[in-house]
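Here's the structure we're looking at; comments come further down.
The values are calculated or read from the model by the stated rules, or taken from the named source; none is laboratory data. Small disclaimer: the values here were computed from a predicted structure and weren't measured. Methodologically, a virtual Cβ is constructed for each residue, glycine included, from the backbone with ideal geometry; neighbour enumeration extends over all protein chains shown. Only protein heavy atoms, including side chains, enter the accessible area calculation; ligands, DNA and RNA are left aside. Shrake-Rupley method; radii C 1.70, N 1.55, O 1.52, S 1.80 Å.
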Amino acid sequence: MKPASVVWAIVVLLIIAHQDFWFWDDTTLVWGFLPVALAYHACISLAASGTWYLATRFCWPVDETEMEKTGEKTA
Amino acid sequence: MTQLLIICGYLVLLLLLGIGASRLFRGTSQDYMLASHSIGPFLLLMSIFGTTMTAFALVGSTGEAFKEGVGVYGMLASSSGIIHSLCFFLLGVKVWKLGKAYGYRTQVQFFRDRLESRWLGALLFPVLVGLVIPYLLIGVMASGTVINKVTAGRVQDGQVVGGTFPEGTFPAFLERGTNPKATAAAPSFAYGSQGGVPKPVASLAICGIVLVYVFLGGMRGTAWANTFQTLVFMILGIVTFVVIAWKLGGQDSFWASLQAASAAIPAEKLTRLHIPPEKFLTYMFVPLSVGMFPHLFQHWLTARSAASFKLPVVAHPLFIAIVWVPCVLIGAWATSDLIAIPPPVAANPNAVLPFLVQKLAGPVLGGLLTAGILAAIMSSLDSQFLCLGTMFTEDVVQPLRGSRRLTDQQELLVARLFIIAIVAVTYCLSLAEPRRVFTLGVWCFSGFSSLFPLILAALYWPRLTKAGGYACILAAAGSWLWLFAASDFAAQPNFTVNLPVPLAVDADGAWQLMPVAAMITLSTVAMVTVSLMTKPPSQQTLDRFFPSP
């Protein structure tokens, strides 16, 4: 499987994981102060950041060197 | 008075920043509107984040958590972390590449070329401006509320105690207000400015300051001001959180105070039992709005290189968490019995955060924290003001003049005059203080989201045709107007589109969907159907927008 496909699969997983119906009525406070619904979704934010880092590494849509060459030719 | 002096000091600092940026201004409209494509990764991150995080993020999220509980974070913040970066990645980089190659400054210019329609602006321009106005309203309304609340006194037995200005300082129409729950009652000082700067005066001052630094510095000034203000509101936001947690919890250590404050949150605010899962799911369509925000489109075009987008794509979800988690917790704490929220504040959720700041922080810290909240508000207003001016000159005036193009100086003048006109209209609308910031924000974002299929198809679907594009815009605008009217113009904060389903599927017999889900479905179906039924774009257009690798 190509790295880009893995990244897009993780994005889809993130969107699915976002629908956390299993915590819907949970009143647990993580570390005694963070409601579990909030803690879980804060983790989703962290995971999103990590996923997008992978996307910039493995699926970046622009070839910078190619653009620079084109720019030089145009100039 | 201390808070007011600190706020004034902060506003003067912003003006100095605008003057500083104006010294680097190259005098061309290209520099004024796009900072000559010179914005690097850090400035791009801060300006994009500052622009997307408005009063909605600070004042609105706290107010909404106060009303609806901690589920608000999942509904909009974590979904935005995924979707916003997705839009920057899929749309922003490609838009920047095309903008750089063909000199686009606005969305209409791009769509005009892509859809081969000279008159597209006549339809798209009013739709975009119509949707930006509620967005501006959010900022203008919230700035007035924030400054008023932190400079106001408290109400004891129907009397105002400890305000900055005694009754009679301002004309009665500015000082007196009515109880929103008893509108038949006579206007009173206790339901009006309460000794603070009256909201209309505060909103006007904020509009004036933003106008001045946008006029002086253009896009570069806006990017600098956004960076500075984003740093201010993030740092002061964390300070606000620590101070409020410590004061509310009332324990010796910060950690113990945090735990005490959260332990007092009522159970119903910790769960999402009142939010149908299908509504939660369809909330995910709302952040797609960033794909069609005209001011964000303009920010994308300011990037120095495609690589400048990498930092915003990665850091945006983290920054959202840093801002939203504390705000949502603060809103949930405000529902506990640790603090009594007076009825006028409880009736206006926009006022919850400023009330807590005023009540729990000292005057110096209160002033600084207020500056932080205002920073978040102004860092969105400035981009929106600038973008509206750019759109008017580029999408309306220049096409009407044909070959008789405006000079750079004329273009700047026209842009500035249009900005003043739009700010005047928005300011007048804000005086009615129509709706909750959060509700208004969701409607505004939903409208932009319903246009998301258009930009996605324009960049990735060669079969999109001119007629398909028009159908998409008309379906988006029509469905938005229809549903907005059905919600009594946002008077029903929990309005949903109810889709009948068998009782075996849902015990309520209906899925409660966010209106945005219906709007996106309609605009997509209209766009795809009409595109497939009409002639494909010319080969010249396809070669331009979809070159072979």
Evaluate the following for residue B:499: is it open to solvent by 50 Å² or more (accessible area, probe 1.4 Å) and at pLDDT 85 or above? no
When every residue in the range A:1-58 that is more than 7 Å from chain B (Cβ to nearest Cβ) and aromatic (Phe, Trp, Tyr) is compared, the one nearest to residue B:268 (Cα to Cα) is A:23
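Are there any helices (runs of 4 or more DSSP H) wholly within the range B:240-290 with 3 or more residues that are without any contact (Cβ under 8 Å) to a residue 60 or more places away in the chain and open to solvent by less than 50 Å² (accessible area, probe 1.4 Å), and if so which? Break it down stepwise before answering.
Values: elements: B:254-263, B:267-270, B:277-282.
Of the helices (runs of 4 or more DSSP H) lying wholly inside the range B:240-290, those with at least 3 residues that are without any contact (Cβ under 8 Å) to a residue 60 or more places away in the chain and open to solvent by less than 50 Å² (accessible area, probe 1.4 Å) span B:254-263.
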Among residues of the range B:218-262, those that are more than 30 Å from the chain's Cα centre (by Cα) and of a type in the set (Gly, Ala, Ser), counted: 6
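For the range B:389-428, which positions are charged (D, E, K, R) and either without any contact (Cβ under 8 Å) to a residue 60 or more places away in the chain or out of contact with any helix residue (DSSP H, G or I) (no Cβ under 9 Å at 6 or more places or on another chain) (or both)?
Here is the first cut: in the range B:389-428, the ones charged (D, E, K, R) are B:394-395, B:401, B:404-405, B:408, B:411, B:416.
Answer for the range B:389-428, where residues must be charged (D, E, K, R) and either without any contact (Cβ under 8 Å) to a residue 60 or more places away in the chain or out of contact with any helix residue (DSSP H, G or I) (no Cβ under 9 Å at 6 or more places or on another chain) (or both): B:401, B:404, B:405.
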Test each condition in (1) farther than 30 Å from residue B:545 by Cα; (2) open to solvent by 20 Å² or more (accessible area, probe 1.4 Å); (3) under 19 Å from the mean Cα position of the chain (by Cα) for residue B:480 and report the one that comes out false. (1)
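Just checking, which of B:491, B:510, B:526 is open to solvent by 10 Å² or more (accessible area, probe 1.4 Å), aliphatic (A, V, I, L, M) and within 20 Å of residue B:278 (Cα to Cα)? Working first, answer last.
On the way: B:491 fails: within 20 Å of residue B:278 (Cα to Cα); B:526 fails: within 20 Å of residue B:278 (Cα to Cα).
After applying the criteria, what remains is B:510.
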Give just the number: which of (1) farther than 22 Å from residue A:26 by Cβ; (2) within 14 Å of another protein chain (Cβ to nearest Cβ) does residue B:258 not satisfy? (1)
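This table checks each residue for (1) touching a Ser or Thr at 6+ places or on another chain (Cβ under 8 Å); (2) at negative phi.
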residue: B:474; (1), (2): no, yes
residue: B:478; (1), (2): no, yes
residue: B:485; (1), (2): no, yes
residue: B:489; (1), (2): no, no
residue: B:495; (1), (2): yes, yes
residue: B:502; (1), (2): no, yes
residue: B:506; (1), (2): no, yes
residue: B:512; (1), (2): yes, yes
residue: B:515; (1), (2): yes, yes
Need the failing condition index for residue B:90 against (1) within 9 Å of another protein chain (Cβ to nearest Cβ); (2) open to solvent by less than 10 Å² (accessible area, probe 1.4 Å); (3) over 15 Å from residue B:319 (Cα atoms), just the number. (2)
Take residue B:34 and tell me if it is under 16 Å from residue B:298 (Cβ atoms), touching a Lys or Arg at 6+ places or on another chain (Cβ under 9 Å) and modelled with pLDDT of 90 or more. no
Answer yes or no as to whether residue B:77 is within 14 Å of chain A (Cβ to nearest Cβ), open to solvent by less than 10 Å² (accessible area, probe 1.4 Å) and in contact with a Ser or Thr (Cβ under 8 Å, 6 or more places away or on another chain). yes
Among the residues of the range B:229-239, write down those that are β-branched (Val, Ile, Thr) and buried (at least 18 other Cβ atoms within 10 Å of the Cβ). B:230, B:232
If I filter the range B:114-127 for residues that are among the basic types (Lys, Arg), within 14 Å of another protein chain (Cβ to nearest Cβ) and not in a loop (DSSP other than H, G, I, E, B), do I get at least one hit? no
Filter the range B:108-128 down to the residues that are surrounded by fewer than 20 Cβ atoms within 10 Å (Cβ to Cβ) and either farther than 20 Å from residue B:536 by Cα or touching a His at 6+ places or on another chain (Cβ under 9 Å) (or both) and list them by number. B:122, B:123, B:126, B:127
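Whether any residue in the range B:263-270 is within 14 Å of another protein chain (Cβ to nearest Cβ), under 27 Å from the mean Cα position of the chain (by Cα) and farther than 28 Å from residue B:374 by Cβ is what I want to check. Full working, then the answer.
Looking only at the range B:263-270, we keep the residues that are within 14 Å of another protein chain (Cβ to nearest Cβ), and these are B:263-270.
Retained after the next criterion (residues that are under 27 Å from the mean Cα position of the chain (by Cα)): B:269-270.
Now restrict to residues that are farther than 28 Å from residue B:374 by Cβ: B:270.
Checking the range B:263-270: at least one residue is within 14 Å of another protein chain (Cβ to nearest Cβ), under 27 Å from the mean Cα position of the chain (by Cα) and farther than 28 Å from residue B:374 by Cβ.
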Looking only at the range B:193-204, decide whether some residue is touching a Leu at 6+ places or on another chain (Cβ under 8 Å), buried (at least 22 other Cβ atoms within 10 Å of the Cβ) and either charged (D, E, K, R) or at pLDDT below 75 (or both). yes
